[in-house]
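Visitor: Here's a structure for you.
The values are calculated or read from the model by the stated rules, or taken from the named source; none is laboratory data. Just so it is clear, the structure is predicted and the values come from calculations on it, not from any experiment. Quick reminder, even Gly has a Cβ in these numbers, built from the backbone with ideal geometry, and neighbours come from all protein chains shown.
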Amino acid sequence: MKSANILRSLVVGAALLVAGAASAQAPAPAPAAPAAAPPPVVSTAAPPMSRLDGVSVPAAGPSSYQSPSMRPEAGLMSNDAELLRALAPTRGQVTIPDQKLATLIQPAGRDWRAAVKGPIRVVGSWLLLGMCCLLIAFYLLRGKIMIDSGMSGRTVERFNSFERFVHWMTAGAFVVLAITGLNITYGRYLLLPLLGPDAFTAISVAFKYLHNYLAFGFMLGIVLMFVLWVRHNIPSKIDLQWIAVGGGLFAKGVHPPAEKFNAGQKIIFWSVIVGGVAISVSGVWLMFPFFLGDVASMQLMQVIHAVVSLVLTAIVIAHIYIGSLGMEQAFDAMGTGQVDENWAKEHHGLWLAKLKGQAAPQYKMGHD
Ligand code: HEM
C-alpha cells in the first residue's frame, strides 16, 4: 500500500512536471520587470502552479502532499483529491492536431469512476433483485391472474402481424442488450471468477459486438412502436379509475375500465419510449467517442446510459412477468395476436365494445 502511494505521488508529480515543462516552452507574456525577476525554482514534485495552463492554485509542496492526513484506505489520499480538484482542468501543450491529447489529468474522471463503481452498481443490483423478489412475492400471494368468467371460446384480434413483429424485434433486441450490458457492469464480478479470463474475454468481446449492432434494431423498434401505438397511449381520465383500484391486479373480480391500453400499460409504453430515447442518444454518443463531445460529456452520457438502462430493465422485468407467467391469455395477445373475448371484456372492456360496435359498458365505482 505504501509503495502504491509513493508510485501515485511520483505519477502525479511527473504529470505536473511535464505540464510545467510544456507550458515553459510556450511564448511567455512579457515580464513587467525582467531584470529584477529571480531565476525560477523548479521543484521535482510540483512545479510553480502559475506555469500550468489555466491553473492558478497555491503550490502544494511535497511535505504537505506526503503529510499523515493521507487516507490510503479511501483508495485516494485526501491531498491527492484536493490537489486534483484544485487543478481542474489540467492541460499541457501538444503540437499535433489532436488537442484532446494535451489533457494530462481530468479530475472529474475520478468522481465518474467512483460513481460508476460504487452507487450505480450497488443501487442497480438492488433494483433488479428487488424487482424479482417483488414479483415472486406477488406471484406467491396472488397467483396467476385468471379470466374470472372463464374462456368464451370466441376470439378477437388484439395485435396484427406487423405490430407483433415490431414488438418482438424490439423485445429481442432489448433482452440481448440488457444481458450484454449487464455483463459490462457486473460481468467481472459474476462471470470472470466462474469462467476464467480467457473465456470471459472471448464472451465479452462477442457481447460487445452484439450490444453495438443490436442497438440499431432497438432504436428502430422504439420509433415504430411510437408510431403504431402513441394514439392509444394518451393519458385520459379513465386511467385514474384504473389506478384507483390498482388495475384490479390485487383482487379477484375487479375489472376497471380500459381502452386498448390500460394505465399500467401506458406507463410501460412511455417508459420504453422516453427511456429508450435517453438510452439511444447516450449510447450513440458513447459508440463514437469524441465525435459528439469531449470526455466530460461522455462521462455524463455513460452515467445516463447506465442509470436509465437499469431502471428500464427493472420495469421491463415486471412487464415480461405480467405478459407471460402473471396473467392468463396475456401472452396470446403478442403470440398469435388473438385473445379470448372474455379476457378482452375483463381487461379492455371499452376497447372490445368499440371493436364490436357496441355501447360502452357501465362501470360502477371504478369497475364493472
Ligand atoms: C421478452 C419478453 C416479453 C414478453 C413476454 C412481452 C409480452 C407482451 C405482451 C403479451 C404484450 C401485450 C399486452 C396486451 O395484450 O395488452 C406486450 C406489449 C408491449 N410490450 Fe412486451 N413483452 C416482452 C418484452 C418487451 C420488451 C423488452 C419491451 C420493450 C423494451 C416491450 C414493450 C412492450 C410495449 C411497449 C407493449 C405495449 C404496451 C403494454 O402492453 O404494456 N416488451 N408485451
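Visitor: Farther than 30 Å from M146 by Cα, within 12 Å of the ligand (Cβ to nearest atom), within 15 Å of the chain's Cα centre (by Cα) and in the same structural domain as I120 (by TED's automatic domain parsing): does that describe I279?
Guide: Answer is yes for this residue.
Visitor: Scan the stretch 322-352 residue by residue and report those that are over 17 Å from W168 (Cβ atoms) and aromatic (F, W, Y).
Guide: W343, W351
Visitor: Within the stretch 136-188, count every residue that is surrounded by fewer than 17 Cβ atoms within 10 Å (Cβ to Cβ) and polar (S, T, N, Q).
Guide: Total meeting the criteria: 4.
Visitor: In addition: Any chance you could count how many residues in the stretch 304-349 are more than 10 Å from the ligand (Cβ to nearest atom), over 30 Å from Y186 (Cα atoms) and of a type outside the set (D, E)?
Guide: Number of matching residues: 5.
Here is a yes/no grid of residues against (1) of a type outside the set (G, A, S); (2) farther than 21 Å from M287 by Cα; (3) away from the ligand (no atom under 15 Å from the Cβ):
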residue	(1), (2), (3)
W168	yes, yes, no
Y189	yes, yes, yes
D198	yes, yes, yes
K208	yes, no, yes
F216	yes, no, no
L224	yes, yes, no
P257	yes, yes, no
I273	yes, no, no
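Visitor: Looking at the stretch 221-260, which of its residues are within 23 Å of F162 (Cα to Cα) and loosely packed, with under 15 Cβ neighbours inside 10 Å?
Guide: Within the stretch 221-260, V227, V230, R231, H232, I234 meet the criteria.
Visitor: Could you tell me whether L325 is in a loop (DSSP other than H, G, I, E, B), of a type outside the set (V, I, T) and under 19 Å from M131 (Cβ atoms)?
Guide: So L325 fits the description; yes.
Visitor: Which of the numbered conditions does I179 fail, given that it passes all the others? Conditions: (1) assigned to a helix (DSSP H, G or I); (2) more than 14 Å from the ligand (Cβ to nearest atom).
Guide: Tallying (1) assigned to a helix (DSSP H, G or I); (2) more than 14 Å from the ligand (Cβ to nearest atom), I179 fails exactly one: (2).
Visitor: Can we say D294 is surrounded by fewer than 17 Cβ atoms within 10 Å (Cβ to Cβ), within 11 Å of the ligand (Cβ to nearest atom) and either outside the structural domain of V176 (by TED's automatic domain parsing) or of a type in the set (D, E) (or both)?
Guide: Criteria not met by D294.
Visitor: Quick one: would you say A244 is within 16 Å of the ligand (Cβ to nearest atom) and either touching a Gly at 6+ places or on another chain (Cβ under 6 Å) or not assigned by TED's automatic domain parsing to the domain that holds D148 (or both)?
Guide: Answer is no for this residue.
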